[in-house]
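Notes to accompany the following structure.
What follows is calculated from the coordinates using simple rules that are stated; it is not laboratory data. Everything quoted here is computed from the prediction, not taken from an experiment. Don't worry about glycine lacking a Cβ; one is built from the backbone with ideal geometry, like all the others, and counts go over all protein chains shown.
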Amino acid sequence: MPSLTTIVLFALATLILTASPGPGVIYVVSRSLAQGRRGEQTAIFCSGGPVSVAVGRALNLSAPDILRVAWMLRNSSHSEFLYSGERFTLSALNAVPHVDDAALVTYW
């Protein structure tokens with residue numbers, strides 16, 4: 001379990017990088033992938049922008065296509081990515097099994 005100081009610093013860094021879109025998102029995703037260990041599970045909670053960038057990397061999409069993905073993401077959905085060394089693939093996108101009422105499914 002990380003220390004309270006580590007959690008606070010991580011939360012602060014996340015807030016700063018989220019408030020400044022662009023290269024910060026790419027940096028965090030790339031750094032997370034580069035430092036991950038085999039068999040390790042990681043949870044990243046974020047908004048549609050970082051998820052779209054990750055989808056773009058996994059599917060090798062162009063910038064306009066990444067923007068199109070961003071507009072199709074559902075609020076509170078989850079996406080899953082698999083990574084191992086240089087391999088980074090999309091496993092699930094826009095999943096909302098936790099939402100019981102279809103009327104509650106909205107888009108970003």
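Can you tally the net charge around His98? Count Lys and Arg as +1, Asp and Glu as -1, for every other residue whose Cβ sits under 15 Å from the Cβ of His98.
-2
Using θ = phi - 60° and the Karplus relation 6.51 cos²θ - 1.76 cosθ + 1.60, list the HN-Hα couplings for the range 92-103 in order, rounded to whole Hz, with x at every Gly or Pro.
Rounded to whole hertz, the list is 8, 9, 6, 6, 9, x, 7, 9, 7, 10, 4, 5.
Between Tyr27 and Ala13, what length comes free when the chain is fully extended (0.36 nm per residue of separation minus the Cα-Cα distance, one decimal in nm)?
Stretched out fully, the Tyr27 to Ala13 stretch lengthens by 3.8 nm.
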